[in-house]
1. So, R0 is 60 Å and r is the distance between the beta-carbons of E104 and D361; what FRET efficiency does that work out to, to 0.05?
2. If we sort 264-276, 623-635, 568-580, 177-189 on the protection proxy, mean other Cβ atoms within 10 Å, highest first, what's the order?
3. Under a point-charge model restricted to the Cβ atoms of Lys and Arg (+1) and Asp and Glu (-1), what is the dipole moment magnitude of the range 476-598 relative to its Cα centre, in debye to the nearest 20?
4. Could you give the alpha-carbon Rg of the range 346-472 over 2.2 N^0.38 Å, rounded to two decimals?
5. Using alpha carbons only, how many angstrom separate the centre of the range 102-128 from the centre of the range 555-609?
6. How far is it, in nm, from the label point at E554 to the one at E336 when both lie 7 Å from their Cα along the line to the Cβ?
7. Which one of S496, N78, W305 is farthest out on the positive end of the charge dipole of the chain, using unit charges on Cβ (Lys, Arg +1; Asp, Glu -1) and the Cα centre as origin?
8. Could you calculate, for the range 240-322, the ratio of the Cα radius of gyration to the Kirkwood radius, expressed as Rg to Rh?
Amino acid sequence: MAKNDWDSLINGALDRHRQEEQAAAQALDGMQTQLEALLKKQGEQLESMTRELERDGLVPPSNRQTRGSWKGLDQALNQELLGQEAFTKALVLAFRRPTVMNLEPGRCKNILLISGAPGSGRHTALKLLAKLLEERHLLKNRNIASLDLSLYPGPAQEKAFLQDLFSALNAPGEILAFDNYQACAPGYLQMIADLAQDGSLPLAGRYLEQNGILVDVGTALAPGAVSTLTARGKYFVFFTGSGLEKMAEKMGAAFIDLVGDVCSTQDFAPQVLGAIAGRQFNQLAQLSREKLSFELSVTAGARDWLAGQYNPADGVQAIVDWAGKIYKALAQYKLEQDPGPRLPVVLDCQEGQLLLSFGEDFPIGLAALLPAGYTGERAAAQAALDAIIGLEPVKEYVRSLADNVQAQQRRKAAGLPAAPVTMHTIFAGNPGTGKTTIARIMGKYLKAIGALRGGQLIEVSRADLVGRYVGHTAPLTNQVIQSALGGVLFIDEAYSLYRGSDDSFGLEAIDTLVKGMEDHRDDLVVILAGYSREMETFLTANSGLASRFPNQIEFPDYTGPQLMEIMKSQAKAKGYSLDPGCDAPVTAALTRHQAEDPSGAGNGRLARNMLEAAILNQAGRLAADPGASLELILPQDFNLD
């Protein structure tokens, strides 16, 4: 075959191949066009059907108009969160800010500070906004990962902190919220600041991810080790009751420069509180109709009463809690009386007291309808207090404190102003006078009457609060405070915390303690114990100490007869009894010891030590006389001569 003929053959084959490719491409384009037209037609049909169903009320309206739109988000929030228009607008702008910024992938989208009083709607607003953003496809989902930074007050919590931070960063959702940063150890706050600033945080140790948990593997070499935490493009949200100034003190000025938005809730105006109370009653009426078959109506006086339950410490939650109590009272009546359907019920307020009228019956006070609480713990605490020998002035103080707390609780329940009760106390007196025992009973008593949620006693001394090096004291003291929340923090020999103006570690512990008492004033009782004269000097160590401890209770030394009663009680607990012949000589010996050196004698410890010595002597006597009583302690066992 000639070369020209071969070239013509090859070129013809290539032309046919190109023509076939063009034909196939044209056919594919035609099929794609037909498919797009079909999908468009189906979409239009589905859209038309959806609109008809929405018009007929068969399905809820869709969010076609708002999908991908930021418009009207603050108004939507305002429908749920009353009286916070400026706050909701600022919050929406804070979440929209990343859409107009040139951000590096993986770094924080934004750092927000949400400030305001407890119960002002800070957390609620964030949850509502996350839900709305998800519905508008502006967030992938509404999940909010949260870290309570008060759980990490010192160096001992580093592993837990890193594990929890890792889990929160890798949780689904684009929002990471931090609470109580003020109570967090400075080192962990610096880690968060570095993560926010750089977008990543190198880890000093070796870690592996196992089932979503960061596991410390020590010095072991392991493939796939996690060496860095990353911000993962999340919003970092910090909640606080204060502003940027306080945050700068804890997080540093460099971190404050990174904060993109500060969103602050405002105090509620009286008309807003009235509207909030009205909304609660509307929900209460609907729930009563559905669950109890009651037709509830509420007077303006009752609405104003409920609005008046708002207080800065509890915020709007106080209104919500009282609405819950009212429903409990309605439910209790339903269970006890089982009235007919559609019973008319009127809630009114007269002379500061809520009253419920069921049908034609006389009004009933709200308190009378609420289920009675458990009183066993209260009776046990009272019995333990009554069993204490002597210390009548001290026991009277504990009883009067409990009475005052309960009186204020009753005033609050009746809608009257309730004065705060200062329960921080100084126990002054010599060793062995029962200070620790009274503190323990006091914690149980206050828990039993609802003044404390835990009632535990955490007993510490200077060694538990003062660190061994610079920067160690504040985290150590904060850790102790956290362990005592809900109960009583008892600091024995508290005067040892202050060893003069040059004792910087002791002064730091005192300053941290004062701040902790202020931050947790409704969830902590602090009792300082020590010698009377030394405690007076101690109160001069910090200008805020004396005002926070207005109650100083003197523990008197025990008399000889009182110590004799204590000894008999201790002997009975050990399975022994004292011969009647012991009364006069042992009491005289106890009285003599107390008169010579009450502070050194040890009071109750004196009685315990003398009894233990007598038990030891009795054992020697029993060895010589096997037939003698194993329980009876005789005068000669005390070896008083």
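1. Efficiency computed from Cβ-Cβ geometry: 0.30.
2. Final packing ranking: 177-189, 264-276, 568-580, 623-635.
3. 360
4. Taking the Cα Rg and dividing by 2.2 N^0.38 Å, one obtains 1.46.
5. 63
6. Taking the two extended label points, one gets 4.9 nm.
7. Farthest towards the positive end: N78.
8. Radius of gyration relative to Kirkwood radius: 1.23.
The values are calculated or read from the model by the stated rules, or taken from the named source; none is laboratory data. This one's a predicted model, so the numbers in the text were calculated from it and none came from an experiment. Cβ atoms come from the backbone with ideal geometry, glycine included; neighbour counts cover every protein chain shown. Note: areas computed on protein heavy atoms with side chains; ligands, DNA, RNA excluded. Shrake-Rupley method; radii C 1.70, N 1.55, O 1.52, S 1.80 Å.
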